[in-house]
Amino acid sequence: MSCEASDVAAAVRAAADVIERHRVELTDLDRPIGDGDHGENMNRGFTAVLATLDTTVPDTPAGVLKVVATTLISKVGGAAGPLYGTAFLRAATSLGQESRLDSEGLVTVLRAGLEGVVARGKAEVGDATMVDALSPAVEAAEAAKGEGIAAQLAAAADAADEGARSTVPLVARKGRASYLGERSVGHLDPGARSTALLLRAFADAAR
Ligand code: ADP
Ligand code: MG
Ligand code: MG
């Protein structure tokens, strides 16, 4: 199984819907350890992505991912905007002009996205950021490569959920939460949660 630009656009629309539905939750997670805006930031960005996809219809998977990247970079702001923007931009670039995304391509885009976040934010696994969700997700998608895109994304979403939950007992070492030092312990990282939500939306769209 593989997917084309319209399938990728449908997955992005599903992601926008999930972010909208979890806007308050994401902001509530950001309140005690940040500045209480993560849900608003993400929702502003994905609402703008939806509007752009209503008027432009990119004809490659990379084209869709590039629209997401440029829109998030211009609309989300804060830490998450450039981080997610870079992730989607690297993901787009990794695909070139391929008209379809296959199992191998899925691993390539996820890995490129992770590399983008790490290049931009310099966080490692265990720093209590979105990297804690995205990194195990890439490994899970790679491990499930023989099972097809839908199974790979389901495995990636499961791994991201677990990775996000793993941030709770950690001391945050990057972003605003790191200003709290030990007081950041006991909180789920909002960016790790939004990464897990995005991957779950992509997985559900691929079923
Ligand atoms: P801001 O902190 O600027 O208000 P958001 O609240 O939208 O931005 O996003 C916060 C999230 O960004 C954090 O929960 C964390 O997952 C992520 N983040 C912040 N800094 C980094 C970093 N250097 N590397 C990876 N992720 C980061
Ligand atoms: Mg914030
Ligand atoms: Mg902010």
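Under 10 °C and 1.306 mPa s, how fast does the range 158-198 diffuse according to Stokes-Einstein, given a Kirkwood radius computed over C-alpha pairs? Answer in µm²/s, whole number. Present the calculation step by step, with values, prior to reporting the outcome.
Values: Rh = 10.2 Å.
For the chosen part, D equals 156 µm²/s.
Considering only the other residues whose Cβ falls under 11 Å of the Cβ of LEU101, what net charge follows from Lys and Arg at +1 and Asp and Glu at -1?
-4
State to the nearest 20 debye the size of the charge dipole of the chain about its Cα centre, where the only charges are +1 on K and R beta carbons and -1 on D and E beta carbons. Kindly include the intermediate steps, with their values, before the conclusion.
Values: 21 positive and 28 negative charges, 103 e Å.
With only Lys, Arg, Asp and Glu charged at Cβ, the dipole is about 500 debye.
Among rounded, prolate and oblate, which fits the chain when a ≥ b ≥ c are the square roots of the eigenvalues of its C-alpha gyration tensor, a/c under 1.5 means rounded, and a/b larger than b/c means prolate?
prolate
Students often forget the sequence filter, so: which lysines lie under 27 Å Cα-Cα from LYS145 once same-chain residues fewer than 8 apart are removed?
Within the straight-line cut-off, LYS145 pairs with LYS66.
Kindly put PHE202, PHE46 in sequence by how many other C-beta atoms sit within 10 Å of each C-beta, fewest to most.
Numbers: PHE202 24, PHE46 27.
Result, fewest neighbours first: PHE202, PHE46.
Report the full-extension gain for the segment LYS122 to GLU20: residue separation times 0.36 nm, less the Cα-Cα distance, to one decimal in nm.
That works out to 33.9 nm of additional length.
Please give the contour-minus-distance gain from GLU98 to ARG165: 0.36 nm per residue of separation, less the Cα-Cα distance, rounded to one decimal in nm.
Details: separation 67, 0.36 × 67 = 24.12 nm, distance 3.50 nm.
Contour length minus the Cα-Cα distance gives 20.6 nm.
As a test of the definition: which semi-axes, in Å, follow for the range 1-69 when you take the square root of five times each eigenvalue of its alpha carbon gyration tensor? Largest first, please. Write down the numbers at each step before the final one.
Numbers: eigenvalues 147, 26, 17 Å².
Semi-axes from the Cα gyration tensor: 27, 11, 9 Å.
Taking the Cβ of each residue in SER103, SER74, SER184, SER178 as the centre, tally the other Cβ atoms inside 10 Å and list the residues starting with the fewest.
With the fewest neighbours first, SER103, SER74, SER184, SER178 line up as SER74, SER178, SER103, SER184.
Set Lys and Arg Cβ to +1 and Asp and Glu Cβ to -1, take the dipole of the chain about its Cα centre, and tell me which of ALA137, ALA62, ASN41 lies farthest positive.
ASN41
Applying the Karplus parametrisation 6.51 cos²θ - 1.76 cosθ + 1.60 with θ = phi - 60° to the phi angles of the range 148-155, what ³J(HN,Hα) value in whole Hz is obtained for each residue in order, glycine and proline being reported as x?
Result, ordered by residue: x, 4, 4, 5, 4, 5, 5, 5 Hz.
State, as an integer percentage, the relative contact order of the chain based on alpha-carbon contacts under 8 Å between residues 6 or more apart.
23
Mind checking the full-extension length gain between LEU188 and THR52? Use 0.36 nm per residue of separation minus the Cα-Cα distance, one decimal, nm. It would help to have the intermediate numbers written out before the result.
Values: separation 136, 0.36 × 136 = 48.96 nm, distance 3.13 nm.
Here the answer is 45.8 nm.
Bear in mind that the values in this text are calculations on the coordinates, not laboratory data. On a predicted model such as this, the values are computed, not experimentally measured, just so you know. Cβ atoms come from the backbone with ideal geometry, glycine included; neighbour counts cover every protein chain shown.
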